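Okay, structure first, notes after.
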Amino acid sequence: MIYVMSDLHGGYDKYLAMLKKINFSDDDELYILGDVVDRGSKPVEILQDMSMRPNVFPIMGNHDKMAIDVLEWLLDEINEETLYKHINEESMYRLMVWQMNGSQTTIDGFQRLPREERVALLDYMKEFAPYEVVEAGGKTFILVHAGLGESGKFDKDKPLDAYTIRELAFVRFNYEKEYFGGDTYIVTGHTPTISFTYCPEIYYSHNNFCIDCGAVFASGALACLCLDNLKEYYVY
């Protein structure tokens, strides 16, 4: 079976509970649509588990990208020679934005690791795919963290490889717009369904699925969608 989750945000216990609930095995595949890190208490533990599973395929989220941009220079030793390379307006701005978006648990988790493990985990994060296209149950699924850029500028003929990481991982999606139709579906996270439906369940409209059900929030849930049969699973 092929499964999709999104926006784990450090919820290691919910992540493990969901793997158990779906009886995830070596014969299955799991795509995680980004935002593995930040906010929740154990983002590094999730990354470590994912990195050891060859049948788990991560996709870049905005929080993952923010983490990579800052952790890369935080890993380097800062001395008199490297000070001005690292401490500049751009790096400070990136750190400030990341801190405003729940970075502390990720920073703390990385700091607890030996340097070689930090480097290996950061290298793993850098390999997160910008998107994936998956065939399942007679349907085509475009898997992406946030969407396909601003809906008013969407072009059906634009190759997926032409989208920037900002368009794919940062820009909010319009779930009431049909982007492709037919048997092509778009699956995203990024926008918690509880923020617009007030219900911690997967939202579907116009061949679009939103599977971020706000797992990191008290009123939310971790959702998982099976692409083969569109069965929904939840851990509260």
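Screening the candidates Phe209, Phe173 for the property of being modelled with pLDDT under 95 and either under 18 Å from the mean Cα position of the chain (by Cα) or on the phi < 0 side of the Ramachandran plot (or both) yields one hit, Phe173.
Looking at Arg94, Arg112, which one is surrounded by 14 or more Cβ atoms within 10 Å (Cβ to Cβ) and within 21 Å of Gly10 (Cβ to Cβ)? Lay out the reasoning, then the answer.
Working: Arg112 fails: surrounded by 14 or more Cβ atoms within 10 Å (Cβ to Cβ).
None of the others qualify; the one that does is Arg94.
Can you tell me how many residues in the stretch 205-215 are surrounded by fewer than 23 Cβ atoms within 10 Å (Cβ to Cβ) and either acidic (Asp, Glu) or closer than 13 Å to His190 by Cβ (or both)?
Residues of the stretch 205-215 surrounded by fewer than 23 Cβ atoms within 10 Å (Cβ to Cβ): 205-208, 214.
The next check asks that each one be either acidic (Asp, Glu) or closer than 13 Å to His190 by Cβ (or both); those that pass are 208, 214.
Within the stretch 205-215, residues that are surrounded by fewer than 23 Cβ atoms within 10 Å (Cβ to Cβ) and either acidic (Asp, Glu) or closer than 13 Å to His190 by Cβ (or both) number 2.
Could you grab me the full set of residues in the stretch 36-70 that are touching a helix residue (DSSP H, G or I) at 6+ places or on another chain (Cβ under 6 Å), of a type in the set (S, T, N, Q) and either buried (at least 16 other Cβ atoms within 10 Å of the Cβ) or within 10 Å of Leu8 (Cβ to Cβ) (or both)? Within the stretch 36-70, Ser51, Asn62 meet the criteria. For the stretch 170-191, check the following and say yes or no: at least one residue is within 22 Å of Val37 (Cβ to Cβ), assigned to a strand (DSSP E or B) and either of a type outside the set (Val, Ile, Thr) or in contact with a Ser or Thr (Cβ under 7 Å, 6 or more places away or on another chain) (or both). Looking for residues that are within 22 Å of Val37 (Cβ to Cβ), assigned to a strand (DSSP E or B) and either of a type outside the set (Val, Ile, Thr) or in contact with a Ser or Thr (Cβ under 7 Å, 6 or more places away or on another chain) (or both), one finds none in the stretch 170-191, hence no. Inspect all residues belonging to the stretch 216-232 and state whether any of them is surrounded by fewer than 19 Cβ atoms within 10 Å (Cβ to Cβ), of a type in the set (Lys, Arg), under 23 Å from Lys21 (Cα atoms) and out of contact with any His (no Cβ under 7 Å at 6 or more places or on another chain). Yes: the stretch 216-232 contains one or more residues that are surrounded by fewer than 19 Cβ atoms within 10 Å (Cβ to Cβ), of a type in the set (Lys, Arg), under 23 Å from Lys21 (Cα atoms) and out of contact with any His (no Cβ under 7 Å at 6 or more places or on another chain). For the stretch 95-135, the tally of residues that are polar (S, T, N, Q) and outside any helix (DSSP H, G or I) stands at 2.
Taking the condition within 16 Å of the chain's Cα centre (by Cα), at pLDDT 95 or above and aromatic (Phe, Trp, Tyr), does Phe24 pass? If you could, list the steps in order and put the result at the bottom.
Working: within 16 Å of the chain's Cα centre (by Cα): no; at pLDDT 95 or above: yes; aromatic (Phe, Trp, Tyr): yes.
Spelling it out, it is not the case that Phe24 is within 16 Å of the chain's Cα centre (by Cα), at pLDDT 95 or above and aromatic (Phe, Trp, Tyr).
Once the stretch 16-35 is narrowed to residues that are in contact (Cβ under 8 Å) with a residue 40 or more places away in the chain and assigned to a loop (DSSP other than H, G, I, E, B), the residue that is surrounded by the fewest Cβ atoms within 10 Å (Cβ to Cβ) is Ile22.
Of the residues that sit in the stretch 136-152 and are part of a loop (DSSP other than H, G, I, E, B) and at pLDDT 95 or above, which one is surrounded by the fewest Cβ atoms within 10 Å (Cβ to Cβ)? Per the criteria, the residue is Gly138.
With Asp157, Asp161 as the choices, which residue is over 15 Å from Leu33 (Cβ atoms) and assigned to a loop (DSSP other than H, G, I, E, B)? Full working, then the answer.
On the way: Asp161 fails: assigned to a loop (DSSP other than H, G, I, E, B).
One residue alone meets the criteria, Asp157.
Being more than 23 Å from Tyr163 (Cα to Cα) and at pLDDT 95 or above holds for only one residue in Asn79, Asn101, Asn88, Asn55, and it is Asn55.
The values are calculated or read from the model by the stated rules, or taken from the named source; none is laboratory data. Just so we're clear, the structure is a prediction, and the values are computed from it rather than from any experiment. Heads up, the Cβs are rebuilt from the backbone with ideal geometry, glycines too, and the neighbour counts pull from every protein chain shown.
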